[in-house]
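The values are calculated or read from the model by the stated rules, or taken from the named source; none is laboratory data. None of these values were measured; they are calculated from a predicted model. FYI the Cβ positions are ideal-geometry reconstructions off the backbone, even for glycines, and counts take in every protein chain you see.
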Amino acid sequence: MSNSTFATVIIAAEDQEAAQADLPGNFTSAYTTDPTGAPPATNYVSSGWWMDTELDFIVNTAAWSKAVKFGDAQAALDVLNLKPVELAQQSQAEQVA
Amino acid sequence: MNIGLGIGIPFNRSQIWLSLFSPSSLFANGEQGVWYDPSDLTTLYQDAAGTTPVTAVEQPVGLMLDKSGRGNHAFQTVSTKRPVLSARVNLLTKTEDISTADWSRLGTSAPNADTLLELAVSGVHRVSQSKNVPATKCCLYAEFYPAGRSSCSLSLYDVSGGTTRAGAVFSIDGEGSIISGSSALNKISLLPDGWYGCYIESASAFSGGNTEAYIGATDGAAQSYAGDATKGVRVRKVDLRPVNTGVNLPAYQRVNTATDYDTQGFPAYLKFDGIDDSMQTNSIDFTATDKMTVFAGVRKLSDAAARILFETSLDVTASYPGSFSMFSPHTASGTTYQPYFRGDVGRVYESLTPFAAPVTNVVAAQMFNRLPAAGVGIDARVNGVAQIGAEANSITDAGNFGNYPLYIGARAGTSLFFNGHLYSLITRGAQSTNAQIEQTEKWINGKTAAY
């Protein structure tokens, strides 16, 4: 909890590999600007408690483009019109209604 | 069984069950499974290695110890993906100090924490906060005391919907009464210390999104009038929350900031953000059993898309024999919970509906890994009531349950991220008796306040 800050960081999809090389395990949640949530992903998101050193790196050092938002994560995503990517196998086509 | 608890102490059956029954009894004979209890701080750590304990609400949870005795601890190694421990109900902040910047003022000054004084201008005389609320019915509570004015108002304005969803003007004199806004949902009561507890509740659901909570002084029924700088009302204990947040919760939760608020009387939960939060275990070997009982205390915040509450294997809908899961919901706009498991060949699922988000429930299901001809595959209950859903059983080769990691709050930790609260989770690799199911449901409800 100490030395941590809650933030939502959004990156462009093409920067995922570089961002994950710098911050392993992050930026795995796929989002898109497509209003239906159809793939492909246009962005990847990590939201939660970052170590201050990580946020410092993201803001001041990381070469990849990013948006760093504070406060309510979902509100930040809504403002950017980002929706989670809904993959085909998640549509539960075999399910009864 | 009746037990007297003494004069002045309210009788609470959930509390009785809490003191006499423990879910540990479900594992007394060596049954495989898990029992997670977020209300037990001794089982929570901020890091996956278990070196930094969770000591307060709004701290991330990187390790959650399994209380079943089987050692199936849940962990999350990526710091940003950890759910957060919470007990927050009241959506407002600075609930006992209307003089702070958290409160906007119109036609009023707030010279101290609990006093709203009118400005000598014409118009309304109120303070307000703007908060996002879910698309559901909401309620607002505040306590007032006369300070030159003996009437006050509460209202909730749905900014997204462009309409006032709830409102009333109260007389804070004598026994107290409602001057206008006489919905049966609105209430006023004279408190022992002479203050008045005032409450309004919307009859219809909010649009979801920005909402204004207004607290004001009035001149009788008039909410807009020429103010008098020597008159106003005292205000304390303001609380805004969805109506169905929980049963028999305290009417007021003190909130200073997002990380500083009272927790006494409010159930603790893990908050999954619906973006990237999840936990998992190492592989849990259920191969010795073809029967499973699962319990969860849950608040589902969204039905926007299919989401996983918990799941063994990487994907129960793919070819992982003996895997099982609970969808919450199972499809976009589906007002469902859906227990689901897979045999060696074929699968069984059952949609439990209607449980439209946001909603708090205790969900229980027994899963019998057997052919359709052998009997029901899923026997499910929600809030202690048996559910008769449309079961789909395509099993042609049953078998036992599998040996997979348990993922909590997402599929494989990478997709279908659950948006909501988890109050308790139990999975037991065995059939349970009716008494065990009822006792466990009541125990979990004591931690969830669902019904």
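For segment B:228-259, the set of residues classified as over 30 Å from B:Gln59 (Cα atoms), crowded, with 16+ Cβ neighbours inside 10 Å and of a type in the set (A, V, I, L, M, F, W, C) consists of B:Val233, B:Val235, listed by residue number.
Condition check ((1) more than 25 Å from B:Thr396 (Cα to Cα); (2) polar (S, T, N, Q); (3) modelled with pLDDT of 95 or more; (4) surrounded by fewer than 24 Cβ atoms within 10 Å (Cβ to Cβ)) across all residues:
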| residue | (1), (2), (3), (4) |
| --- | --- |
| B:Asp277 | yes, no, yes, no |
| B:Ser283 | yes, yes, yes, yes |
| B:Phe286 | no, no, yes, no |
| B:Met292 | no, no, yes, no |
| B:Met326 | no, no, yes, no |
| B:Thr331 | yes, yes, no, yes |
| B:Phe355 | yes, no, yes, yes |
| B:Thr360 | yes, yes, yes, no |
| B:Ala365 | no, no, yes, no |
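Does A:Phe70 count as in contact (Cβ under 8 Å) with a residue 60 or more places away in the chain and among the aromatic types (Phe, Trp, Tyr)? It is true that A:Phe70 is in contact (Cβ under 8 Å) with a residue 60 or more places away in the chain and among the aromatic types (Phe, Trp, Tyr). When the test is whether a residue is in contact with a helix residue (DSSP H, G or I) (Cβ under 6 Å, 6 or more places away or on another chain), modelled with pLDDT of 95 or more and not polar (S, T, N, Q), B:Gly69 passes it. Are any residues in segment B:351-379 away from chain A (no Cβ under 14 Å) and of a type in the set (Gly, Ala, Ser), and if so, which ones? Those that are away from chain A (no Cβ under 14 Å) and of a type in the set (Gly, Ala, Ser): B:Ala356, B:Ala364, B:Ala365, B:Ala373, B:Ala374, B:Gly375. On the given criteria, is B:Tyr225 under 22 Å from B:Ser130 (Cα atoms) and surrounded by fewer than 23 Cβ atoms within 10 Å (Cβ to Cβ)? The answer is no for B:Tyr225.
Table: residues versus (1) buried (at least 23 other Cβ atoms within 10 Å of the Cβ); (2) modelled with pLDDT of 95 or more; (3) in contact with a Ser or Thr (Cβ under 6 Å, 6 or more places away or on another chain); (4) within 11 Å of another protein chain (Cβ to nearest Cβ).
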position: B:Ala56; (1), (2), (3), (4): no, yes, no, yes
position: B:Thr77; (1), (2), (3), (4): no, yes, no, yes
position: B:Thr80; (1), (2), (3), (4): yes, yes, yes, yes
position: B:Lys94; (1), (2), (3), (4): no, yes, yes, no
position: B:Asp97; (1), (2), (3), (4): no, yes, no, no
position: B:Pro111; (1), (2), (3), (4): no, no, no, no
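Restricting segment A:26-42 to residues that are under 16 Å from B:Gly274 (Cβ atoms) and within 13 Å of the chain's Cα centre (by Cα) leaves a set whose member that is surrounded by the most Cβ atoms within 10 Å (Cβ to Cβ) is A:Ser29. The lone criterion from (1) more than 12 Å from every other protein chain (Cβ to nearest Cβ); (2) aromatic (Phe, Trp, Tyr); (3) in a loop (DSSP other than H, G, I, E, B) left unmet by A:Phe27 is number (1).
Comparison of A:Gln20, A:Gln16 shows that the only residue that is within 12 Å of chain B (Cβ to nearest Cβ) and touching a Phe, Trp or Tyr at 6+ places or on another chain (Cβ under 6 Å) is A:Gln20.
The C-beta contact set for segment B:300-323 (first residue within 12 Å of chain A (Cβ to nearest Cβ), second residue surrounded by fewer than 24 Cβ atoms within 10 Å (Cβ to Cβ) and β-branched (Val, Ile, Thr), distance under 6 angstrom, 6+ apart or interchain) comprises B:Ala306/B:Thr331. With a requirement of 2 or more residues that are in contact (Cβ under 8 Å) with a residue 40 or more places away in the chain, the strands (runs of 3 or more DSSP E) lying completely within segment B:112-214 that satisfy it span B:115-118, B:122-133, B:138-147, B:151-158, B:163-171, B:177-180, B:196-201. Selection within segment B:168-187: residues that are over 17 Å from B:Ala147 (Cβ atoms) and of a type in the set (A, V, I, L, M). The member of this set that is surrounded by the most Cβ atoms within 10 Å (Cβ to Cβ) is B:Ala168. Residues of segment A:52-66 that are surrounded by 11 or more Cβ atoms within 10 Å (Cβ to Cβ), at pLDDT 95 or above and not in a helix (DSSP H, G or I): A:Ala62, A:Trp64, A:Lys66.
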